[in-house]
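Peer 1: Got a structure for you, written out below as structure tokens; questions coming shortly.
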Amino acid sequence: MKIFFTIFIAVLLFGEGSSLEPTQKKNSLKDSISSFNTDTIKSRLIGLNKKTPIDISYTPELEELIKKYLNNRKKFFNENSELINYYFPIFEKALQNNKAPLELKYLPIVESRLNPRAVSKVGATGLWQFMYAAAKENGLELNSYIDERMDPEKSSEAAAKYLLKLKEIHNDWTLAIAAYNAGPRTISKAIVRSGGHKNFWNIRGFLPYETARYVPSFIATMYVFEYANEHGITPYKEGFSKNKTDTIHVKEQIAFSHIARFLEIPLDTIEFLNPSYIHKIIPKINNKIQTVTLPEKYTLLYAAREKELYDYAEKEFESIEKPLPDLYSINSKIIYKIKYGDYLGSISKKFGVKISDIMRWNNLSSDKIKENQRVIVFPKRIPKN
């Protein structure tokens with residue numbers, strides 16, 4: 001999938017190196033990175049290749065990427081070790097359920113840098129950076145309240161299934177990873193142009209630049225994690241884990257802020273655990289069970305005071321002057337061509353949607369549009385003319 005990969009290359013996954021406390025440790029770490037040679041990298045890549053069905057081959061460019069990531073990794077690990085600790089078990093469970101290589105858990109680092117709310121310039125969203133069409137094809141729900149591309153568990157399950165489909169198409173996990181970035185048709189075309197080769201490293205020269213770099217970046221990321229100890233890296237940090245949370249069925253519409261105030265839970269904790277609710281509101285949809293994930297110590301309290309909590313939420317909603325947006329399903333997408341005299345306000349009225357939604361669907365940073373420009377709209381109503 002084409003997503004944050006370009007940004008990923010620019011900031012290089014791990015950001016800028018940050019200093020270790022003692023100068024001595026900093027120098028010894030630097031030495032450990034610069035001192036290991038090509039033979040060491042080749043040997044370790046052979047070791048990785050033996051433990052995974054993903055085809056890993058040495059190239060000088062891959063060696064440079066590995067060294068670059070090692071030199072610049074410190075800030076990333078410092079800032080994201082708890083995220084790694086929380087998300088990796090979720091990724092591993094989904095991959096294992098679908099009999100996919102567990103090493104694919106490193107893809108969301110390349111895709112989104114472990115940000116469940118990441119949105120690319122082309123609209124790819126979530127940890128696994130699903131585009132709209134791929135999300136729908138793989139069973140993810142999108143409506144005015146919910147974007148399951150941002151749900152860590154559901155998107156991971158969908159990504160694992162999608163990667164398995166790509167593997168079945170190309171009969172190769174490395175090509176499946178490339179297809180995840182570029183799409184299966186692009187890979188098929190590259191195979192034809194290469195004269196029929198079906199190995200990523202043999203068709204790489206016929207792939208788009210971004211995809212040609214994507215697989216090596218994934219492998220370099222895998223190397224850094226798999227050989228973290230050898231380079232004095234501690235990527236995993238004890239902290240908040242999925243095992244310390246529980247999921248509750250929600251019977252009435254309720255906002256995160258209601259739960260936070262009533263049960264005295266930090267609002268940012270609820271937001272972190274439930275990123276798929278766009279407006280931070282859990283809607284009530286007929287015949288559809290909604291859930292909320294909370295730290296397990298609060299789930300018994302939620303259950304014990306559930307009726308009081310819903311009554312409180314109802315009163316809070318009634319006090320809001322503006323009505324909440326009606327739920328609508330994002331099933332029918334239209335591409336609207338901007339006409340002379342159109343502006344976002346007129347388009348929003350025409351289709352019964354919010355200006356902010358049009359901007360979000362099209363990743364617009366301002367309300368400026370121009371004639372003949374095309375915008376994506378998920379209409380609540382279709383105008384007669």
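Peer 1: I'm trying to understand the selection: among the residues of the range 106-137, which are buried (at least 21 other Cβ atoms within 10 Å of the Cβ), of a type outside the set (A, V, I, L, M) and not in a helix (DSSP H, G or I)?
Peer 2: Matches in the range 106-137: Pro116, Thr125, Gly126, Trp128, Gln129, Phe130.
Peer 1: For the range 52-68, indicate whether the set of residues that are among the aromatic types (Phe, Trp, Tyr), surrounded by fewer than 20 Cβ atoms within 10 Å (Cβ to Cβ) and either in contact with a helix residue (DSSP H, G or I) (Cβ under 7 Å, 6 or more places away or on another chain) or free of Cβ contacts under 8 Å to residues at least 24 places away in the same chain (or both) is non-empty. Talk me through it step by step, then tell me what you get.
Peer 2: Start the filter on the range 52-68 by keeping residues that are among the aromatic types (Phe, Trp, Tyr), which leaves 58.
Narrowing further to those that are surrounded by fewer than 20 Cβ atoms within 10 Å (Cβ to Cβ): 58.
Restricting the remaining residues to those that are either in contact with a helix residue (DSSP H, G or I) (Cβ under 7 Å, 6 or more places away or on another chain) or free of Cβ contacts under 8 Å to residues at least 24 places away in the same chain (or both) gives 58.
Within the range 52-68, one or more residues are among the aromatic types (Phe, Trp, Tyr), surrounded by fewer than 20 Cβ atoms within 10 Å (Cβ to Cβ) and either in contact with a helix residue (DSSP H, G or I) (Cβ under 7 Å, 6 or more places away or on another chain) or free of Cβ contacts under 8 Å to residues at least 24 places away in the same chain (or both).
Peer 1: Another question, if that's okay. Confirm whether Glu308 is at pLDDT below 95, more than 29 Å from the chain's Cα centre (by Cα) and surrounded by fewer than 19 Cβ atoms within 10 Å (Cβ to Cβ). Steps first, please.
Peer 2: Numbers: at pLDDT below 95: no; more than 29 Å from the chain's Cα centre (by Cα): yes; surrounded by fewer than 19 Cβ atoms within 10 Å (Cβ to Cβ): yes.
Taking the combined requirement at face value, the residue does not satisfy it.
Peer 1: So which of His279, His231, His197 ends up being under 24 Å from Phe77 (Cα atoms) and either in contact with a Phe, Trp or Tyr (Cβ under 9 Å, 6 or more places away or on another chain) or in the same structural domain as Tyr58 (by TED's automatic domain parsing) (or both)? Before you say what the answer is, go through the steps one by one.
Peer 2: Values: His279 fails: under 24 Å from Phe77 (Cα atoms); His197 fails: under 24 Å from Phe77 (Cα atoms).
On inspection, the qualifying residue turns out to be His231.
Peer 1: Right, next: Which one is farthest from Leu107 (Cα to Cα), of the residues in the range 127-154 that are touching a residue at least 40 places away in the same chain (Cβ under 8 Å) and of a type in the set (Gly, Ala, Ser)?
Peer 2: Going through the qualifying residues, I end up with Ser144.
Peer 1: Okay, moving on. Looking only at the range 82-96, how many residues end up being more than 17 Å from Glu226 (Cα to Cα), touching a helix residue (DSSP H, G or I) at 6+ places or on another chain (Cβ under 9 Å) and either surrounded by 18 or more Cβ atoms within 10 Å (Cβ to Cβ) or modelled with pLDDT under 95 (or both)?
Peer 2: Of the residues in that region, 4 qualify.
Peer 1: Using beta carbons and a limit of 8 Å, which pairs, at least six apart or on different chains, have the first residue in the range 206-223 and surrounded by fewer than 22 Cβ atoms within 10 Å (Cβ to Cβ) and the second one charged (D, E, K, R)?
Peer 2: Phe206/Lys189; Phe206/Arg193; Glu210/Lys2; Ala212/Arg204; Pro216/Glu61
Peer 1: A further question follows. Please state which of the following conditions Leu102 fails to meet, knowing it meets all the rest: (1) over 30 Å from Thr269 (Cα atoms); (2) modelled with pLDDT of 95 or more.
Peer 2: The one condition Leu102 does not meet is (1).
Peer 1: Being crowded, with 21+ Cβ neighbours inside 10 Å and either more than 15 Å from Val215 (Cα to Cα) or modelled with pLDDT under 95 (or both) is the filter here; which residues of the range 158-189 pass it?
Peer 2: Listed by number, the residues that qualify are Ala158, Ala159, Ala160, Tyr162.
Peer 1: Residues that are of a type in the set (Lys, Arg) and within 25 Å of Gly123 (Cα to Cα): which helices (runs of 4 or more DSSP H) entirely in the range 151-227 hold 1 or more of them?
Peer 2: Working: elements: 152-170, 173-182, 184-193, 200-203, 209-226.
Those helices (runs of 4 or more DSSP H) span 152-170, 184-193, 209-226.
Peer 1: Search the range 220-247 for residues being modelled with pLDDT of 80 or more and hydrophobic (A, V, I, L, M, F, W, C), and hand back the single one that is farthest from Thr174 (Cα to Cα). Talk me through it step by step, then tell me what you get.
Peer 2: Residues of the range 220-247 modelled with pLDDT of 80 or more: 220-231, 244-247.
Among the residues that remain, those that are also hydrophobic (A, V, I, L, M, F, W, C) are: 220, 222, 224-225, 228.
Details: Ala220: 14, Met222: 13, Val224: 18, Phe225: 18, Ala228: 23 Å.
Among those residues, the one meeting the criterion is Ala228.
Peer 1: For the range 332-385, enumerate the residues that are among the polar types (S, T, N, Q), part of a helix (DSSP H, G or I) and farther than 21 Å from His279 by Cα.
Peer 2: If we filter the range 332-385 for residues that are among the polar types (S, T, N, Q), which is where we start, we get 332, 346, 348, 356, 362-363, 365-366, 372-373, 385.
Checking the rest, the ones that are also part of a helix (DSSP H, G or I) come to 346, 348, 356.
Across the range 332-385, the qualifying residue is only Ser346.
Peer 1: Listed residues Asn202, Asn274; which is outside the structural domain of Trp361 (by TED's automatic domain parsing) and either of a type in the set (A, V, I, L, M) or over 30 Å from His170 (Cα atoms) (or both)?
Peer 2: Working: Asn202 fails: either of a type in the set (A, V, I, L, M) or over 30 Å from His170 (Cα atoms) (or both).
One residue alone meets the criteria, Asn274.
The values are calculated or read from the model by the stated rules, or taken from the named source; none is laboratory data. Computed from a prediction, not measured in an experiment: that's the story for all the values here. Every residue, glycine as well, gets a Cβ built from its backbone with ideal geometry; the counts of neighbours run over all protein chains shown.
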